[in-house]
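All remarks here apply to the structure that follows.
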Amino acid sequence: MKTNKNGKPEKRETFSTSLAVFFATLGSAVGLGNIWKFPYMTGMNGGGAFILVYLFFVLLIGIPIMLSEFYLGRKTRSNVVGVFDKLKASRFWKLIGYFGLLSAMLIMFFYSTVAGWVYSYVFKALRGDFRSLSSMGLAEAKAAAEKAFETTAGGTYEPMVWQFVAVFVVAAILLGGVKKGIERVTKTLMPLLLTLIVICAVRALTLSGAGEGVAFLMKADFSKLSAASVLAAMGLAFFKLSLGMGTMVTYGSYFNKENNLIGTSFQVAISDTLVSLLAGLAVFPVVFTFNLAPEGGPGLLFATIPLVFSLLPLGNLLLVLFFLLTAIAATTAMISMVEVPVVIFMEELKVPRKKAVLLITGLMFVIGVLTTHPQSLFGGVTIAGKSLFDLFDYLSSNILMPLGGLLITLFVAYFVKKNELIREMTNNGHLKTAGLVTLLQFVLKFVTPLLLIIVFLNALGILKL
Ligand code: TRP
């Protein structure tokens, strides 16, 4: 056992309250996915109809896996590799931990690149770079906004510097540890994010195109709901809640023992969905007010948003607020990602936190910079027609995470005794949720794995519905 300076056993840190647990976990779930993925996917796949399907999968995939991860973490108070030693499971299950380690690294290579772009946009909006767009004709302004993004992402040194800033901020937070780092930062920044997103949504909803924007996002149109959109909703429920790579195992290992795991999972899933909807409400009314076509992905975030926001009165201020909230979302998600390998290094290899954080973030920065910028050393390399940026995304989101999620589900469903699961989930009988746990175990045994296999085969392109 590890000891501190006085030779006493070192206590593993935990979050201090259930509110801290909530904000940290929500901070992981809320990320770039809420802003550039969810709203657009919803709009394109039948609005309200898609939201219903999404919520259905949150119930059958998202919450069950999240609870499995919380269970493993809080029960063992261990990192995602060590969990399986503590539970005396065979070595095979440690694969879950190694997959998580690998996913965290791969995601960080490109997520920190995008976070760097977001940080640079906060800076550029503050400097007033986008002000000139409002005095141009629409076509000209559109071209200028796209050009601004090309310079940000395609430059030689600029993206590297901003990626460094993003990784540096993550390192600085994680050096503070669980309470003074993760807890303190998420407890301050998540309420700020929620306030900013409400301000942006309220402003957008008072515009002339608000009706059309809201209809795009919310109006239930079942005719647009194809088999492909159902599959997309399943994948999204999984990705949105940061599942399958041990993030929730790691955070779960810091939950206080009074925390109601089931309650937390529902609160986080619902709040995360609300944040996504608010993001859509902040963006689409503006897009429709200026008669532009809604876009998805980086185009929406880095070209359309600066363009349309700059056309509003006080638009530049709004733009600063919007990119600031996006930067917060990306940062609180990244800290939960990087914490996974950090604790594995701390506990499995006995590396002190400071060394582990510097080593891992250093590696993330160096490999990230060398591989994910078009101008960098390996930036031009393609494998199977994919750039390294896309390859890392594909491997982590489509292979490692669904596989990790499946293994976690099967482990908790078939290797954890029902009484044991009930004991942990009800906090030793203090909560009257034993019935829900029985239901959970049923879903974990028979429903979630089946759905996950479908997601997985679809992601690999094997299944074509
Ligand atoms: N939930 C994050 C988002 O919406 C993305 C994500 C997926 C993630 N897996 C993760 C974040 C693991 C942190 C850790 O953007």
Review point. Could you give me the ³J(HN,Hα) list for segment 341-348, computed from phi with Karplus coefficients 6.51, -1.76, 1.60 and θ = phi - 60°, whole Hz, x at Gly and Pro?
Key: x, 4, 6, 4, 4, 4, 8, 8
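Using only alpha carbon positions, build the gyration tensor of segment 398-464, then give the equivalent ellipsoid semi-axes as the square roots of 5 times its eigenvalues, largest first, whole angstrom. If you can, show how the numbers build up before the last one.
Working: eigenvalues 170, 22, 14 Å².
Its equivalent ellipsoid spans semi-axes of 29, 11, 9 Å.
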**Study point:** Per residue value of the accessible surface for the chain (all protein chains in place, 1.4 Å probe), Å²
**Key:** 40 Å²
Study note, to complete from the structure: Applied in sequence order to segment 424-435, the curve 6.51 cos²θ - 1.76 cosθ + 1.60 (Karplus, θ = phi - 60°) yields integer Hz couplings, x standing for Gly and Pro, of 5, 6, 9, 6, 6, x, 5, 9, 8, 10, 4, x
Revision key, fill the gap. Taking every C-alpha to C-alpha distance in segment 247-302 and binning by 10 Å from 0, the per-bin percentages run 18, 33, 21, 19, 8, 0
Check your understanding: Given the alpha-carbon gyration tensor of segment 296-408, what are the semi-axes of its equivalent ellipsoid in whole angstrom, ordered largest first, with each equal to the square root of 5 times an eigenvalue?
Key -> 31, 21, 16
Point to revise | Helical mean residue ellipticity (222 nm; -39500 (n - 2.57) per DSSP H run of 4+; nearest 500) of the chain | key: -22000 deg cm²/dmol
Practice item. Quick one: grab Rg to one decimal and Dmax as a whole number for segment 348-402, Cα atoms only, in Å. Key: 14.1, 40
Exercise for review: Would you mind computing, in nm to one decimal, how far apart the modelled labels at Leu349 and Lys86 are, each placed 7 Å from Cα along Cα→Cβ?
Suggested key: 2.1 nm
Revision key, fill the gap. The answer for trypsin sites (Lys or Arg not before Pro) in segment 83-133 that fall in a DSSP coil and have at most 11 neighbouring Cβ atoms within 10 Å is Lys88
**Study point:** Heavy-atom accessible area ranking, 1.4 Å probe, most first, across Met245, Met44
**Key:** Met44, Met245
Study note, to complete from the structure: Which residues qualify? For Leu311, with a placed amide H closer than 5 Å and at least 5 residues away or on another chain, they are none
Exercise for review: Within segment 382-453, report the trypsin sites (Lys or Arg not before Pro) that DSSP leaves as loop and that have at most 15 other Cβ atoms within 10 Å.
Suggested key: Lys417, Lys432
Point to revise | Whole-Hz couplings from phi, Karplus 6.51/-1.76/1.60, listed for segment 233-242; x for Gly and Pro | key: 5, 5, x, 5, 4, 6, 5, 4, 8, 6
Exercise for review: Under a cut-off of 19 Å between alpha-carbon atoms, report the lysines in cross-link reach of Lys350, not counting same-chain residues fewer than 8 places apart.
Suggested key: Lys2, Lys5, Lys8, Lys11, Lys86, Lys94
Point to revise | Set of aspartates and glutamates with alpha-carbon distance to Lys432 below 17 Å, sequence-local pairs under 8 removed | key: Glu258, Glu420, Glu424
Exercise for review: DSSP loop (so not H, G, I, E, B), at most 13 other Cβ within 10 Å: list which GluC sites (Glu not before Pro) in segment 8-87 pass both filters.
Suggested key: Glu10
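Using the 2.2 N^0.38 Å rule of thumb for compact globular proteins, work out how the chain stacks up: its C-alpha Rg over that value, please.
0.96
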Review point. Given the pairs Lys88/Lys257; Lys187/Lys240; Lys37/Lys386; Lys37/Lys124; Lys355/Lys418; Lys88/Lys354, which are separated by over 31 angstrom at their Cα positions?
Key: Lys355/Lys418
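The values are calculated or read from the model by the stated rules, or taken from the named source; none is laboratory data. Remember, it's a predicted structure, so these values are computed and weren't measured experimentally. All Cβ positions, glycine included, derive from the backbone under ideal geometry; neighbour counts span all protein chains shown. Surface areas here come from the heavy atoms of the whole protein model, side chains and all, with no ligands, DNA or RNA. Shrake-Rupley method; radii C 1.70, N 1.55, O 1.52, S 1.80 Å.
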